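The structure appears below as structure tokens.
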Amino acid sequence: MRSHYCGDLRKEQIGEEITLMGWVHRRRDHGGVIFLDVRDRQGIAQVVFDPEREESFAVANSVRSEYVIEIKGLVRHRPEGTVNSDMPTGDIEVVGLELTILNKAETPPFPLDDHQKVGEDVRLRNRFIDLRRPEMQEKLRFRSKVTSEIRSYLDGNGFLDIETPILTRATPEGARDYLVPSRTHEGSFFALPQSPQLFKQLLMVSGFDRYYQVAKCFRDEDLRADRQPEFTQIDIETSFMNEVEIMDIAETMIRKLFSELMGVELGKFPQMPYSEAMKRFGSDKPDLRIPMELVDVADLLANIEFKVFAGPANDPKGRVAALNVPGGASLTRKQIDEYTKFVGIYGAKGLAYIKVNDVAKGAEGLQSPIVKFLGEEVAMQIVARLEAKDGDLIFFGADSEKIVSEAIGALRIKVGQDLNMLVCEWAPLWVVDFPMFEANSDGSLSALHHPFTAPSCTPEELESDPTTALSRAYDMVLNGTELGGGSIRIHAQDMQRSVFRILGIGDEEAEEKFGFLLNALKYGAPPHGGLAFGLDRLIMLMTGTDSIREVIAFPKTQSAACLLTNAPGEVSAAQLRELNIKLRRTP
């Protein structure tokens, strides 16, 4: 059988007889000598077949791309002038002595060359071919290295790898559950877990102290480039540790990953309160590589007659924020119109701006249709507050606090990327001191993270003023992407019941949905906390790809479909009868 992988051959093997197995990546006929580039998961090796070895030469002459072959050969130096420094195996080649075709192949639906651009739908429909591409193989090999390093780190720090159930019951995690009908319990359903949250807390009550799991999780939600209906997270929970200690363990793990696998030193992660992140960046996952910040200017606009600004400026739930874009005055009207459409995605009704052409000329040096509504004094006060210079451009957002933060925060990212404003390659941080709850449109409250997060106050203080309560939660952010989040959990039954009441979950409903947890909290639950990392997002960032579909072996599309297997699919009437399910078609 195989003695070496193709991509592992080096000068040290020169003179050795070896056996390779793999796929024909490329066949070339040069003046009667046949060259086969043979590929396996480790890389590519060049194999030479000379016509003097008639039998093997004849077989080499018959093979085509993607044939599966076995080669016995002799490793030698490449002839002078033919060394390929771009290949790890570029110093050597293999003289083919014997060649066996293990399986023939039809012409693939698309070429495997790295430079080929193939539609994603074609790639996903033929994923088994797509995964042969060296680029995809490298990403999945790297993913395997990351999970191996994570397991090694956590094992070395006393964490136990414990599996939790996949078939469980629905819990309020913030997204729709995937439901699984029960055949043996008519009319009842399991739910696929959105996370192992409650089970890992029960493991802490059980005394396991330090737990981790590379866990499959499921959420039936609208998809984006960094979302999938099924995803993998690195799930961690520990007892008798506070948030500082848990964050240190997690941060050390991520720094170690980047250092050992990428040679990148991230340094100590700064911490930023949620309120500061929203005020300065309009996001709870700010990208600190971009040097622009949102600046509040409502106080300067509260007394002007221009209602577009004055209205939100005087509304307790409103916000007026400005964003100074250095050098942005060079943007064309067409580009500004495109940015106006962009902020409309987030509910913004428009995008006011001022081009700062010449600060020394006062209002005459400003170019904008809104300057006349602001007045010279207010306009120049805004320019001064934003420290705008000649050639800058100031964008404005004026609406509810939520719309302005989301719209101008997203605009900050887009403009920063469009204008290549990144000041560094990596910018990690911790966002801390999140509110416990967020208000819904009907006035009710929802947990900002999940209802098992501990507040930083007593049950009495929490119930007296839940809207101002802060949680003991923490999110790790890297380059504007949330890598992972966690919190100290509620370990006392009275606090858990208080949170449920604030969320509108009465005692009867709490017992029905969470009775097992409340019961466990009565029997000596230790203080505990943890966090979970999105493994797919982490690999996406580390490999520099734009979509997590590129780092998952068999991903779903944005409509949550598998083009390879045509899932989801219909099931037979007999199966539905077994499950006591009757389909009702939407008209």
Checklist entry - Within the set of pairs 6+ apart or on separate chains, which have a first residue in region 399-426 that is in a loop (DSSP other than H, G, I, E, B), a second that is of a type in the set (Lys, Arg), and C-beta atoms under 7 Å apart? => result Leu422/Arg289; Val423/Arg289; Cys424/Arg289
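Do we find that Gln42 is under 24 Å from Glu138 (Cβ atoms), among the polar types (S, T, N, Q) and touching a residue at least 40 places away in the same chain (Cβ under 8 Å) in this structure?
no
Scan region 525-537 and tell me whether some residue there is of a type in the set (Phe, Trp, Tyr) and touching a strand residue (DSSP E or B) at 6+ places or on another chain (Cβ under 8 Å).
Just the residues of region 525-537 that are of a type in the set (Phe, Trp, Tyr), to begin with: 533.
Next, only the ones that are touching a strand residue (DSSP E or B) at 6+ places or on another chain (Cβ under 8 Å) stay: 533.
Yes, there is a match, as at least one residue in region 525-537 is of a type in the set (Phe, Trp, Tyr) and touching a strand residue (DSSP E or B) at 6+ places or on another chain (Cβ under 8 Å).
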Item to check | Qualifying position, being aliphatic (A, V, I, L, M), crowded, with 19+ Cβ neighbours inside 10 Å, within 25 Å of the chain's Cα centre (by Cα) and closer than 26 Å to Glu482 by Cα, among Val264, Val343, Val325 | outcome: Val343
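Mind checking which strands (runs of 3 or more DSSP E) fall wholly inside region 264-359 and carry at least 3 residues that are closer than 30 Å to Met542 by Cα? First the steps, then the outcome.
Working: elements: 271-273, 294-296, 318-325, 352-356.
It comes to 271-273.
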Checklist entry - What is the one condition in (1) modelled with pLDDT of 90 or more; (2) assigned to a helix (DSSP H, G or I); (3) not hydrophobic (A, V, I, L, M, F, W, C) that Lys513 does not satisfy? => result (1)
Next on the checklist: As an exercise: evaluate Asp546 against (1) surrounded by fewer than 12 Cβ atoms within 10 Å (Cβ to Cβ); (2) assigned to a helix (DSSP H, G or I); (3) not aliphatic (A, V, I, L, M) and give the number of the one condition it does not meet.
Outcome noted: (2)
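So is Glu260 in contact (Cβ under 8 Å) with a residue 60 or more places away in the chain, more than 15 Å from Ala427 (Cα to Cα), among the acidic types (Asp, Glu) and in a helix (DSSP H, G or I) or not? Reasoning before the result, please.
Values: in contact (Cβ under 8 Å) with a residue 60 or more places away in the chain: yes; more than 15 Å from Ala427 (Cα to Cα): yes; among the acidic types (Asp, Glu): yes; in a helix (DSSP H, G or I): yes.
In short, yes.
Give me the strands (runs of 3 or more DSSP E) completely within region 135-229, filtered to those with at least 3 residues that are under 20 Å from Gly486 (Cα atoms) and touching a residue at least 12 places away in the same chain (Cβ under 8 Å), ordered by residue number.
Values: elements: 179-181, 189-191, 210-218.
The qualifying strands (runs of 3 or more DSSP E) are 210-218.
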Item to check | Within region 210-244, tally of residues that are modelled with pLDDT of 95 or more, touching a Gly at 6+ places or on another chain (Cβ under 9 Å) and either of a type in the set (D, E, K, R) or not assigned by TED's automatic domain parsing to the domain that holds Ala175 (or both) | outcome: 4
Checklist entry - Hey, Thr164 hits all of (1) at pLDDT 95 or above; (2) exposed (fewer than 15 other Cβ atoms within 10 Å of the Cβ); (3) assigned by TED's automatic domain parsing to the domain that holds Glu578; (4) not basic (Lys, Arg) but one; which does it fall short on? => result (2)
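The values are calculated or read from the model by the stated rules, or taken from the named source; none is laboratory data. Because the structure is a prediction, the values reported are computed rather than measured. All Cβ positions, glycine included, derive from the backbone under ideal geometry; neighbour counts span all protein chains shown.
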